[in-house]
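The values are calculated or read from the model by the stated rules, or taken from the named source; none is laboratory data. From a predicted model like this one, the values you see are computed outputs, not experimental measurements. Here the Cβ positions follow ideal geometry from the backbone for every residue, glycine too, while neighbour counts run over all protein chains shown. What goes into the accessible areas is simple: the full protein's heavy atoms, side chains included, and nothing from ligands, DNA or RNA. Shrake-Rupley method; radii C 1.70, N 1.55, O 1.52, S 1.80 Å.
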Amino acid sequence: MTKTTPIRIAMWSGPRNLSTTMMRSFGIRADTACIDEPFYAPFLAATGLDHPMASQILQQCPDDPETVDALLSTRPASAPIQYQKHMTHHMLPAFPTRFMGACRHAFLIRRPERVLASYQRKMETLSLEAIGLPHQVAMFERAIATTGKRPPVIDSDDLLAAPESMLRALCQALDIGWDPAMLSWPAGPRFEDGPWAPHWYDTVWRSTGFGPPPGPLPHLSGPAAQIAADARPLYNQLAAHKLQPS
């Protein structure tokens, strides 16, 4: 029996963009298997950066970008839909991107003020590059060049304000069926979580669905405020293409 080619979805995000919450939403679907940040280990191996739990990541995950590229594009998937959660800043210029031609792409964005307020609680060093927006804009343009289509963009504020409407719009844009199971999930870790999860996923592990609508933007000061100001035009560039509720 010939296996049906899976639908491969590449969701491109920066850190602290509700990307793990979105992975939970897709991962609870009976027809979907998730891959969590597949280029994280190659990124750490290539850069030598001292990230939390770096040694565990490099021990447990493939760190060769060519191997990861093959995993995402040619190897059989374990479900009809393969959901790939990507951090845009992990995609170094030398890394292969052949897998992008086999994917349907989408972009998850978040106001930089919210990203930085969350990020600085986990990491001591802040930078525009670390929150991924320059890379996200570059990967958005790469996805258009690769597929000839403009990927859907979903804003985390809109997602929290109207989860069902925004998820319906996203499923329609990706040409997959809507599944109401996407609105809730059991608390706790899941098997697809990367080895970095104990450091980063504590809030998601406590969740059983999308959180409350977003409140006012957090107040930032010092370097974080300047980074937010530098990031805002990049965010606005992507937000110009964001989905409207279904």
Within region 118-129, the residues that are open to solvent by 20 Å² or more (accessible area, probe 1.4 Å) and within 16 Å of the chain's Cα centre (by Cα) are E129
Criterion (among the hydrophobic types (A, V, I, L, M, F, W, C), crowded, with 16+ Cβ neighbours inside 10 Å, in contact with a Phe, Trp or Tyr (Cβ under 7 Å, 6 or more places away or on another chain) and closer than 27 Å to L49 by Cα) met by exactly one of V68, V115, V153, V137: V68
The number of residues in region 29-65 that are among the acidic types (D, E) and open to solvent by 30 Å² or more (accessible area, probe 1.4 Å) is 4
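Filter region 22-64 for residues that are part of a loop (DSSP other than H, G, I, E, B) and acidic (D, E); which is modelled with the lowest pLDDT?
First, the residues of region 22-64 that are part of a loop (DSSP other than H, G, I, E, B): 28-31, 37-39, 48-53, 61-64.
Subsequent filtering for residues that are acidic (D, E) retains 31, 37, 50, 63-64.
Working: D31: 97, E37: 97, D50: 90, D63: 97, D64: 97.
Top of the filtered list is D50.
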By my count, strands (runs of 3 or more DSSP E) wholly in region 65-169 with at least 2 residues that are within 23 Å of P233 (Cα to Cα) and either out of contact with any Asp or Glu (no Cβ under 8 Å at 6 or more places or on another chain) or without any contact (Cβ under 8 Å) to a residue 40 or more places away in the chain (or both) are 103-109, 153-155
Scanning region 178-191 for residues that are open to solvent by 20 Å² or more (accessible area, probe 1.4 Å) and touching a residue at least 24 places away in the same chain (Cβ under 8 Å), which turns out nearest to P38 (Cα to Cα)? R190
Condition met for W196 (surrounded by 13 or more Cβ atoms within 10 Å (Cβ to Cβ) and either in contact with a Lys or Arg (Cβ under 7 Å, 6 or more places away or on another chain) or under 22 Å from I81 (Cβ atoms) (or both)): no
Considering only residues that are at pLDDT below 95 and charged (D, E, K, R), which ones fall in region 1-21? K3, R16
State yes or no: is I81 under 19 Å from S156 (Cβ atoms) and aliphatic (A, V, I, L, M)? no
Of all residues in region 207-245, count the ones that are closer than 30 Å to A181 by Cβ, touching a Leu at 6+ places or on another chain (Cβ under 9 Å) and open to solvent by 80 Å² or more (accessible area, probe 1.4 Å). 2
